[in-house]
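The values are calculated or read from the model by the stated rules, or taken from the named source; none is laboratory data. Bear in mind the structure is a predicted one, so any value in this text is a computation, not a measurement. Virtual Cβ from ideal backbone geometry, glycine too; neighbours counted across all protein chains shown.
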Amino acid sequence: MHKHLRNLLENGEDDRLDYKQSISDAGKIAKTLSAFANHKGGRLLVGVRDNRTICGIRSEEEKYMLDLAAKFYCKPIVDLEIREWNVGGLIVLECIVPEGTDKPYYAKGEDGKWWVYVRVNDKSLLASKIVVDVLRRQSSDHGTMIQYTSKEKALLDYLSNHERITLQEFRHMLNISRWRASKILVNLISAGVIRSHTTEKTEFYTLV
């Protein structure tokens with residue numbers, strides 16, 4: 001087995017590597033591709049089981065599915081480089097997704113709507129509106145200008161004494177609207193002052 005492929009199998013899945021035994025649904029795979037583009041890029045190995053053993057792709061159809069996912073189920077189109085590895089007669093596809101230059105990238109859901117996903121550890125999770133706004137801000141040419149008011153100070157003071165805060169907690173603490181609280185969080189995340197943490201249950205924010 002080639003050293004590069006062996007390394008990818010030894011390291012296991014993480015925020016930049018995902019294994020797929022097979023691809024039968026272009027829409028589902030678009031979630032992973034768009035999440036990688038919204039992140040720092042990533043690689044998808046097709047023809048590999050979760051336990052890191054190689055089963056090989058079933059047919060050339062899987063390459064077509066990847067291309068379909070990147071071009072028709074992702075918006076903007078996700079760049080994709082596909083390499084083929086032959087391991088004892090079994091073909092493994094390595095799909096390389098670079099970090100996107102036009103974030104946020106959306107994936108088309110089963111409901112026909114477009115959703116933004118982000119990569120967290122080895123999962124592709126739905127992004128909150130705050131994270132979508134931060135991705136949008138990162139792609140724009142405008143710098144982040146922070147208005148340092150009593151509200152920003154209250155948030156940073158709170159986070160100096162507490163590990164984390166949620167949007168809801170921040171709103172209640174200052175009795176401000178969701179829109180206003182979101183705007184402050186987006187500004188501070190974009191400026192690199194606080195960090196957002198997406199989980200499957202709730203999103204929270206910490207000091208950087």
Of the criteria (1) without any contact (Cβ under 8 Å) to a residue 24 or more places away in the chain; (2) touching a strand residue (DSSP E or B) at 6+ places or on another chain (Cβ under 9 Å); (3) small (Gly, Ala, Ser), which one ALA37 fails: (1)
Would you mind stating whether LYS103 is touching a Ser or Thr at 6+ places or on another chain (Cβ under 8 Å), among the basic types (Lys, Arg) and touching a residue at least 40 places away in the same chain (Cβ under 8 Å)? yes
Scanning segment 187-208 for residues that are surrounded by 14 or more Cβ atoms within 10 Å (Cβ to Cβ), at pLDDT 95 or above and more than 13 Å from VAL131 (Cβ to Cβ) gives LEU207
Please work out which one of (1) of a type in the set (Val, Ile, Thr); (2) in contact with a Pro (Cβ under 7 Å, 6 or more places away or on another chain); (3) loosely packed, with under 12 Cβ neighbours inside 10 Å is the condition VAL116 fails and give its number. (3)
Find the residue count for segment 7-23, including only residues that are surrounded by fewer than 20 Cβ atoms within 10 Å (Cβ to Cβ), of a type in the set (D, E, K, R) and either within 21 Å of GLY100 (Cβ to Cβ) or outside the structural domain of HIS39 (by TED's automatic domain parsing) (or both). 4
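The rows are residues; the columns are (1) surrounded by fewer than 18 Cβ atoms within 10 Å (Cβ to Cβ); (2) in contact (Cβ under 8 Å) with a residue 24 or more places away in the chain; (3) outside the structural domain of ASP25 (by TED's automatic domain parsing); (4) in contact with a Gly (Cβ under 6 Å, 6 or more places away or on another chain).
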residue	(1), (2), (3), (4)
ASP111	yes, no, no, no
ILE146	yes, yes, yes, no
THR149	yes, no, yes, no
ASN161	yes, no, yes, no
THR166	yes, yes, yes, no
Restricting the search to segment 30-54, which residues are out of contact with any Asp or Glu (no Cβ under 9 Å at 6 or more places or on another chain) and assigned to a strand (DSSP E or B)? VAL48, ILE54
Hey, can you tell me all the residues within segment 55-67 that are buried (at least 16 other Cβ atoms within 10 Å of the Cβ) and either of a type outside the set (Asp, Glu) or touching an Asp or Glu at 6+ places or on another chain (Cβ under 7 Å) (or both)? GLY56, ILE57, LYS63, MET65, LEU66
Out of GLU99, GLU84, GLU110, which single residue is more than 19 Å from GLY27 (Cα to Cα) and part of a loop (DSSP other than H, G, I, E, B)? GLU99
Does LEU174 satisfy the criteria of being among the aliphatic types (A, V, I, L, M), over 25 Å from GLY100 (Cβ atoms) and touching a residue at least 24 places away in the same chain (Cβ under 8 Å)? no
Just the residues that are under 16 Å from SER59 (Cα atoms) and among the polar types (S, T, N, Q), please, taken from segment 81-103. ASN86
